[in-house]
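Okay, so here's the structure we're looking at.
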Amino acid sequence: MTLPLQDSILIVDFGSQVTQLIARRVREAGVYSEIAPFNSADEAFKRMQPKGIILSGGPSSVMWEDSPRAPQSFFDAGIPILGICYGQQTMMQQMGGNVEGGESGEFGRAFIEIKKRCALFDGLWAEGERHQVWMSHGDKVTSLAPGFEVVAVSEGAPFAMTANEEKRFYATQFHPEVVHTPDGGKLIANFARHVCGLKGDWTMAEFRATKIAEIREQVGDGKVICGLSGGVDSAVAAVLIHEAIGDQLTCVFVDHGLMRSGEAEQVVSLFRGSYNIPLVHVNAETLFMKGLEGVTDPEAKRKFIGKTFIDVFEDEAKKIGGAAFLAQGTLYPDVIESVSFTGGPSVTIKSHHNVGGLPERMNMKLVEPLRELFKDEVRVLGRELGLPEVFVGRHPFPGPGLAIRIPGEVNKERCDILRKADLIYLEEIRNAGLYDAIWQAFAVLLPVRTVGVMGDHRTYDSVCALRAVTSTDGMTADIYPFDASFLSRVATRIINEVKGINRVVYDYTSKPPGTIEWE
């Protein structure tokens, strides 16, 4: 590692779906951080020798006999600790306080009242002020551990924020890491820079250098194949890995027939022309379409596509002389929606990502240099690496592509219909100058047919749904508020120009914390 890990913060993960947001806020403060599951946090602490510790939230109750705990040695290490939600509760319980369950919890927007100043508030909050926060808890602290005092309260949490200034221990019942706590990022920055005394000079350039060193150490003189999907994640991963190991990398672009219009040609052109990265273009449309025949369950689609990708990668690895590693553009949202440290329900949300490892028959290891980052951070890294904006700024599009934008059975005819509608939708978004203001936009071909009238004829065709959301990190999202004239223009073009669609609807669904995207 090239980073001075002593100038870092260790985040102990108890299974919260927004743990990585904590790391994000720490990085926004210019401080390096790493996340470690609670059951390997002691090992991470010894390796990193951090200047501070943050204990995350989580789905467990400290009253359960087998619920996770922080290593007890952390409380005797003499460094600052910030506990968040479950992190507050286990801190209190482990240090001599008490936590109880209530008949009702506190979820969503709440307001805290500052009762007393503390170092965490310096330059931010003052005694007597009220501030909006985001709560998500059922249990609550009912008595404090020795040395702690209340510094903020809410209607549902009499110990909404507590502090032991002598030990530099702080605990919040609310979640400062989410955007719904407006000053939360500043609060975490105060902890990292003011309480822990860190300089705040970590940059994406340092992340790039660190990851290059890690890739070289992991791969050695082995060969790597990288699965390109056409999106920004795999493109950035490929360029970063190529910078680290050069021609030891071969990219494999599997054209499964489920891409958007023109994307396959664009991917091949970029990597063969602009970067001179060895690229194998596999035309596998027939293979994928045949396997999707008659499949309507979305989970079955995902699993088939993920398995078939692996089969193709395995074949290509043999052709180049036995690659020992498979690289993927896995991001942190993929990780937390695919695997859980505490065995929670998130384990099956994104089953097409191989984040839990590869099939045993494959004698390959995963290289995933981006799995600590959010989408917008990947874009920053992409610009740092010099990728063209056409890739860096591209809206996210999942690996299964159009297969999960076509509920019901997938076939070439329906893919072609959706491709045309999707192209019109994105053209109009670009023409209106809205593309960069929207985090993700796509069209969906619904498994519904309706009767309509076009000219003097009755039609019986499919319904197309349009989706557009704003987001920063992909963990939460809100609808983009198109005006009626824009939606009317898009709908008119799609109905007039795409044979097979006679009705267009707009999806007004948002994505609150802990939910998955519309499919």
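Of all residues in region 428-459, which are open to solvent by 70 Å² or more (accessible area, probe 1.4 Å) and either under 36 Å from the mean Cα position of the chain (by Cα) or more than 17 Å from I494 (Cβ to Cβ) (or both)?
Scanning region 428-459 gives R430, N431, D436, P447, R449, V451, D456, H457, R458.
Name every residue in region 244-274 that is among the aliphatic types (A, V, I, L, M), under 22 Å from K375 (Cα atoms) and in a helix (DSSP H, G or I), in order of residue number.
Within region 244-274, A244, A264, V267, L270 qualify.
Restricting attention to region 139-158, which residues are surrounded by 21 or more Cβ atoms within 10 Å (Cβ to Cβ) and modelled with pLDDT of 90 or more?
The answer is F148, V151, A152.
Scan region 390-411 and give yes if some residue there is part of a helix (DSSP H, G or I) and farther than 18 Å from S229 by Cβ, otherwise no.
no
Starting from residues that are in a strand (DSSP E or B) and open to solvent by less than 30 Å² (accessible area, probe 1.4 Å), keep the ones in region 466-503 and report whichever is modelled with the lowest pLDDT.
A477
Go through (1) over 30 Å from A443 (Cβ atoms); (2) in a loop (DSSP other than H, G, I, E, B); (3) not basic (K, R) one by one and return the number of the condition E214 breaks.
So E214 meets the others, but not (2).
Step by step: first the residues of region 24-51, then only those that are under 14 Å from V12 (Cα atoms) and acidic (D, E), then the one that is least open to solvent (accessible area, probe 1.4 Å). Which residue is that?
E34
Somewhere in region 43-60, is a residue part of a loop (DSSP other than H, G, I, E, B) and hydroxyl-bearing (S, T, Y)? Full working, then the answer.
Narrowing region 43-60 to residues part of a loop (DSSP other than H, G, I, E, B): 49-51, 56-60.
Remaining after also requiring hydroxyl-bearing (S, T, Y): 56, 60.
Within region 43-60, one or more residues are part of a loop (DSSP other than H, G, I, E, B) and hydroxyl-bearing (S, T, Y).
Can you name the condition, by its number, that N190 falls short on among (1) in a helix (DSSP H, G or I); (2) surrounded by fewer than 24 Cβ atoms within 10 Å (Cβ to Cβ)?
Every condition holds for N190 apart from (2).
Quick one: which of R272, R302 is crowded, with 16+ Cβ neighbours inside 10 Å, of a type in the set (D, E, K, R) and farther than 25 Å from F207 by Cα?
Numbers: R272 fails: crowded, with 16+ Cβ neighbours inside 10 Å.
Sole residue among the options that is crowded, with 16+ Cβ neighbours inside 10 Å, of a type in the set (D, E, K, R) and farther than 25 Å from F207 by Cα: R302.
Given (1) under 16 Å from K115 (Cα atoms); (2) of a type outside the set (V, I, T); (3) surrounded by 18 or more Cβ atoms within 10 Å (Cβ to Cβ), where does P176 come up short, assuming only one miss?
(1)
Do we find that F313 is more than 21 Å from V219 (Cβ to Cβ), buried (at least 19 other Cβ atoms within 10 Å of the Cβ), among the hydrophobic types (A, V, I, L, M, F, W, C) and at pLDDT below 85 in this structure?
The answer is no for F313.
Cβ-Cβ under 6 Å, sequence separation 6+ or interchain: first residue in region 34-56 and farther than 20 Å from E177 by Cα, partner assigned to a helix (DSSP H, G or I). Which pairs?
Cβ pairs passing all conditions: M48/L5; Q49/Q6.
State whether one or more residues within region 355-364 are within 16 Å of the chain's Cα centre (by Cα) and at pLDDT below 85.
Within region 355-364, one or more residues are within 16 Å of the chain's Cα centre (by Cα) and at pLDDT below 85.
I'd like the full set of residues that are more than 21 Å from the chain's Cα centre (by Cα), crowded, with 17+ Cβ neighbours inside 10 Å and assigned to a helix (DSSP H, G or I), limited to region 317-337.
Of all residues in region 317-337, those more than 21 Å from the chain's Cα centre (by Cα) come to 317-325.
Cutting the leftovers down to crowded, with 17+ Cβ neighbours inside 10 Å gives us 317, 323-325.
Matches in region 317-337: A317 only.
Within region 52-67, how many residues turn out to be open to solvent by less than 10 Å² (accessible area, probe 1.4 Å), at pLDDT below 95 and not small (G, A, S)?
1
Restricting to region 220-243, name every residue that is in a helix (DSSP H, G or I) and either open to solvent by 10 Å² or more (accessible area, probe 1.4 Å) or among the β-branched types (V, I, T) (or both).
V232, D233, V236, V239, I241, H242, E243
Would you call Q266 open to solvent by 60 Å² or more (accessible area, probe 1.4 Å), farther than 21 Å from V367 by Cβ, touching a residue at least 40 places away in the same chain (Cβ under 8 Å) and more than 23 Å from the chain's Cα centre (by Cα)?
When the stated conditions are applied, Q266 passes them.
Any idea which residue in region 369-386 is farthest from I35 (Cα to Cα), counting only those that are assigned to a loop (DSSP other than H, G, I, E, B) and within 10 Å of the chain's Cα centre (by Cα)?
If we take residues in region 369-386 being assigned to a loop (DSSP other than H, G, I, E, B) and within 10 Å of the chain's Cα centre (by Cα), then F374 is farthest from I35 (Cα to Cα).
As an exercise: evaluate A477 against (1) free of Cβ contacts under 8 Å to residues at least 12 places away in the same chain; (2) closer than 30 Å to V380 by Cα; (3) of a type in the set (A, V, I, L, M) and give the number of the one condition it does not meet.
Against the list (1) free of Cβ contacts under 8 Å to residues at least 12 places away in the same chain; (2) closer than 30 Å to V380 by Cα; (3) of a type in the set (A, V, I, L, M), A477 comes up short only on (1).
Please enumerate the residues belonging to region 193-211 that are out of contact with any helix residue (DSSP H, G or I) (no Cβ under 9 Å at 6 or more places or on another chain), assigned to a helix (DSSP H, G or I) and of a type outside the set (A, V, I, L, M, F, W, C).
R193, E206, T210
The values are calculated or read from the model by the stated rules, or taken from the named source; none is laboratory data. Bear in mind that the values here come from a model prediction, so they are computed numbers and not experimental data. Every residue, glycine among them, receives a Cβ derived from its backbone with ideal geometry; neighbour counts consider all protein chains shown. These accessible areas exclude ligands, DNA and RNA; they are computed on the full protein's heavy atoms, side chains included. Shrake-Rupley method; radii C 1.70, N 1.55, O 1.52, S 1.80 Å.
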